[in-house]
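Down below is the structure, laid out as structure tokens.
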Amino acid sequence: MLGQRSHTVEKPEDHVSKRTFQPHRKSRKRTHGFRKRMSTPAGREVLRRRRRKGRKKLTVSVPKK
């Protein structure tokens, strides 16, 4: 019929929100990886500071699958 809608009651378990962190190896390396850091003066400064502090890892390391 025209103008009528079926009214359904939405239960809380029907709508589950996504988690905020959806990890992806490629995008993580592209954003925080060594080559990205070396490509900008600010990124090189980040590496310089981390070397000066004696960090074992300078940039993110993403394990293989």
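What follows draws every value from the coordinates through simple rules; no lab data is involved. Please read these numbers as outputs of a predicted model, since none were measured by experiment. Positions of Cβ are generated from backbone atoms using ideal geometry, with glycine treated the same way; all protein chains shown enter the neighbour counts.
Taking 0.36 nm per residue of separation and subtracting the current Cα-Cα distance, fully stretching the chain between Met38 and Thr20 would add 3.6 nm. Peptide packing: for 25-33, 47-55, the average count of neighbouring Cβ atoms within 10 Å per residue gives the ranking 25-33, 47-55, highest mean first.
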